[in-house]
Amino acid sequence: MKITKLMALVLLALLPFFTEAQNTEQIDARIDSLAEETATLDKIVQKLSKFKVSAYIQGQFQYGQEDATLKVGDKNEHEDKGFNRIGIRRGRLKFEYNDGIGTGAVQIEANDKGVSFRDLYIGIKDPWTKRSQLMAGVFNRPFGHEIGYSTSGLESPERATIIQYFFPDERDLGAMLTLRTKKESPLAFLRLDAGLFAGNSINRETDNRKDFIGRLGADKEIGNWGKWGAGISYYNGGVYNPTTTAYEMDGKRFIEVDKGETGTYMKREYIGMDAQFSFLSSWGTTSLRAEGLLGTQPGIASSSKSPNTGTRPENLPENALFKRPFIGYFFYLVQDIGTSPFSAVLKYDVYDPNTKLKGNEIGTDNSFTSKTDLAQSTLGIGGLYRFNKHIRVQAYYEFNFNEKSDFVKGYEKDRKDDVFTLRLQYNVKSFTAFHPLQGIHKTRHIQIIDIKIRCVGFI
């Protein structure tokens, strides 16, 4: 009886230890379960972190003199008065997935003219350096510097005139190879882009020809106070001529050339050079950029713009091509005001669609020349104010000038076509989708570690 009582007392004394051991096993099991859940969440978050989203929207007010063309709203309802419009210039949403080797992207645009897409491409990087890449789809043409400069960061409301004329929508359908060396290489500052494109902007292809576009660029930082960049670009392609007649320059006039058949091509060739330089001083960051193009641009009688339609032009006299030698260039000066959120902007832009003609040589009888051959230039002055990294206000005034000719109606003197733009922009740069989830799983990691430490101390 005494032995029985003694054993009972011993068991009662050991019971808390057995209970605590059981609790410890349960905690360990729960910790292991949480660790497995966390590892699963880790894998999910790693995949989701490769998916990025960016967006921006530009709402603006514009005032134009009576002859101006505005980027939002309808044309002027009063030919002899200035007019104003409000509208959404750009609203863009971009989705991108990047797993380190492969990239896929879609960018959609909505404005007061409707909804369309801007980017639609896939890219494959080399697995060794991850700096060379093959791209296919719709994306920025590799020509010059300003084309690849996002309109969300552009210091003027629009790109230069010649860029708008020759590279509508900035993008094209094609395939491009990018070559770069390793970061450790002495040639790491060089970049070569070259590809074949449809030559028809974001629209579907309408002919058999492919255009070649290539650029060799370089950029390098100078200590911690400056940076420079430069590039040379080349474009070689053709424009479809739906008629049997084409027009080429002979002296100071166009002459008809019988092609003998429809569906011939007129050569489209550009050479471009660009340079950039920025440096930091007590006045703030100063940025200087310049770009120039020259070559041959085929266009119709009423326009020197590049093709930008999903339909092949019909066999009509007004669609016959004119071969024009051109030159265009522009300069930027952007001055940040110290460390303030304000920047001052100065831009000068020139486009001469026909370098063979000047002034009163244009528009003469039987020359087949017109207002399309007149040169134009723009002096832009403006300022930017950044409320934060997302919101900025842009005010910009364009003084537009045209070449004059007594033989071109409406262009006997400088037209009244100055434009003032006031723009409010909200920009969300690329961010990782489902980022809050990533924060949660990291917290759970910490909790699990903390539980383990406390349990070890207890045991």
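Regarding the range 249-261, can at least one residue be identified that is closer than 30 Å to L134 by Cβ and surrounded by fewer than 17 Cβ atoms within 10 Å (Cβ to Cβ)?
We begin by selecting, within the range 249-261, every residue closer than 30 Å to L134 by Cβ; these are none.
Within the range 249-261, not a single residue is closer than 30 Å to L134 by Cβ and surrounded by fewer than 17 Cβ atoms within 10 Å (Cβ to Cβ).
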> For the range 105-139, what are the residues that are free of Cβ contacts under 8 Å to residues at least 24 places away in the same chain and among the charged types (D, E, K, R)?
Replying inline: E109, K113, D126
> Which residues, counting only those in the range 134-158, are on the phi < 0 side of the Ramachandran plot and of a type in the set (G, A, S)?
Replying inline: A136, G148, S150, S152, G153, S156
>> Any residue in the range 193-221 that is free of Cβ contacts under 8 Å to residues at least 24 places away in the same chain and closer than 17 Å to Y121 by Cα sitting within a Cβ distance under 9 Å of a residue that is not hydrophobic (A, V, I, L, M, F, W, C) and not in a strand (DSSP E or B)? List the pairs, counting only those 6 or more apart or interchain.
In response: L196/K210
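Working carefully through the options Y240, Y234, Y270, find the one that is buried (at least 16 other Cβ atoms within 10 Å of the Cβ) and under 19 Å from S302 (Cα atoms).
Working: Y234 fails: under 19 Å from S302 (Cα atoms); Y270 fails: under 19 Å from S302 (Cα atoms).
The match here is Y240.
Can you find, within the range 166-209, the residue that is surrounded by the most Cβ atoms within 10 Å (Cβ to Cβ) among those that are among the basic types (K, R) and within 18 Å of H145 (Cβ to Cβ)? Step through it out loud before you land on a result.
Quick first cut of the range 166-209, residues among the basic types (K, R) only: 171, 180, 182-183, 191, 204, 209.
With within 18 Å of H145 (Cβ to Cβ) added as a condition, the list becomes 171, 180, 191.
On the way: R171: 22, R180: 19, R191: 20.
Filtering the range 166-209 for residues that are among the basic types (K, R) and within 18 Å of H145 (Cβ to Cβ), the one surrounded by the most Cβ atoms within 10 Å (Cβ to Cβ) comes out as R171.
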> Would you pick out the residues in the range 326-355 that are buried (at least 16 other Cβ atoms within 10 Å of the Cβ) and either under 23 Å from G238 (Cα atoms) or not assigned by TED's automatic domain parsing to the domain that holds V393 (or both)?
Replying inline: F326, I327, G328, Y329, Y351, D352, P353, N354
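Does Q133 satisfy the condition of being of a type outside the set (K, R), in contact with a Leu (Cβ under 7 Å, 6 or more places away or on another chain) and either modelled with pLDDT under 95 or crowded, with 17+ Cβ neighbours inside 10 Å (or both)?
Details: of a type outside the set (K, R): yes; in contact with a Leu (Cβ under 7 Å, 6 or more places away or on another chain): no; either modelled with pLDDT under 95 or crowded, with 17+ Cβ neighbours inside 10 Å (or both): yes.
Judged against the criteria, Q133 is not a match.
Applying the selection to the range 299-325, what residues are within 28 Å of K347 (Cβ to Cβ) and in a strand (DSSP E or B)? If you could, list the steps in order and put the result at the bottom.
Here is the first cut: in the range 299-325, the ones within 28 Å of K347 (Cβ to Cβ) are 299, 302-308, 324-325.
Within the range 299-325, G299, S303, R324, P325 qualify.
For N360, state whether it is without any contact (Cβ under 8 Å) to a residue 60 or more places away in the chain and assigned to a helix (DSSP H, G or I).
On the way: without any contact (Cβ under 8 Å) to a residue 60 or more places away in the chain: yes; assigned to a helix (DSSP H, G or I): yes.
Yes; evaluated as a whole, the condition is true for this residue.
Let me confirm something: among S152, S201, which residue is in the same structural domain as I122 (by TED's automatic domain parsing), within 12 Å of the chain's Cα centre (by Cα) and at pLDDT below 95? Walk me through how you get there before you give the answer.
Details: S201 fails: within 12 Å of the chain's Cα centre (by Cα).
Being in the same structural domain as I122 (by TED's automatic domain parsing), within 12 Å of the chain's Cα centre (by Cα) and at pLDDT below 95 holds for just one of S152, S201, which is S152.
Yes/no matrix, rows are residues, columns are (1) closer than 25 Å to S281 by Cα; (2) polar (S, T, N, Q); (3) at pLDDT 95 or above; (4) not assigned by TED's automatic domain parsing to the domain that holds K183:
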site	(1), (2), (3), (4)
N224	yes, yes, no, no
N236	no, yes, yes, no
T245	no, yes, yes, no
E256	no, no, yes, no
>> Filter the range 348-386 down to the residues that are farther than 22 Å from P298 by Cα, touching a Lys or Arg at 6+ places or on another chain (Cβ under 7 Å) and of a type outside the set (A, V, I, L, M) and list them by number.
In response: G380, Y385, R386
>> Where the second residue is of a type in the set (V, I, T) and part of a loop (DSSP other than H, G, I, E, B) and the first is touching a residue at least 12 places away in the same chain (Cβ under 8 Å) and lies in the range 406-418, which pairs have Cβ atoms under 8 Å and are six or more apart or on separate chains?
In response: F407/I362; F407/T364; V408/I362; D417/T69
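Please go through the range 162-184 and pick out each residue that is over 27 Å from S303 (Cβ atoms) and either basic (K, R) or not in a loop (DSSP other than H, G, I, E, B) (or both). Explain how you work it out, then say what you get.
Residues of the range 162-184 that are over 27 Å from S303 (Cβ atoms), as a first pass: 175-184.
A175, M176, L177, T178, L179, R180, K182, K183, listed by residue number.
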> Under 6 Å by Cβ, and 6 or more places apart or on different chains, what pairs join a residue from the range 88-104 that is assigned by TED's automatic domain parsing to the domain that holds F61 and closer than 30 Å to L70 by Cα with one that is surrounded by fewer than 16 Cβ atoms within 10 Å (Cβ to Cβ) and of a type in the set (A, V, I, L, M, F, W, C)?
Replying inline: G91/A110; F95/V53
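Suppose we filter T262, T285, T296 for residues that are part of a strand (DSSP E or B), farther than 30 Å from G223 by Cα and not basic (K, R); which single one remains? Even if it seems obvious, please write down each step before you answer.
Values: T262 fails: part of a strand (DSSP E or B); T285 fails: farther than 30 Å from G223 by Cα.
Criteria check complete, one pass: T296.
Listed here are the residues, each with its yes/no results for (1) exposed (fewer than 14 other Cβ atoms within 10 Å of the Cβ); (2) among the aliphatic types (A, V, I, L, M); (3) in contact with a helix residue (DSSP H, G or I) (Cβ under 7 Å, 6 or more places away or on another chain); (4) outside any helix (DSSP H, G or I).
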residue: T40; (1), (2), (3), (4): yes, no, no, no
residue: K71; (1), (2), (3), (4): no, no, no, yes
residue: A105; (1), (2), (3), (4): no, yes, no, yes
residue: V115; (1), (2), (3), (4): yes, yes, no, yes
residue: D119; (1), (2), (3), (4): no, no, no, yes
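The values are calculated or read from the model by the stated rules, or taken from the named source; none is laboratory data. Nothing here was measured: the structure is a model prediction, and the numbers come from that model. Counting neighbours? That spans all protein chains shown, and the Cβs are built from the backbone with ideal geometry, glycine included.
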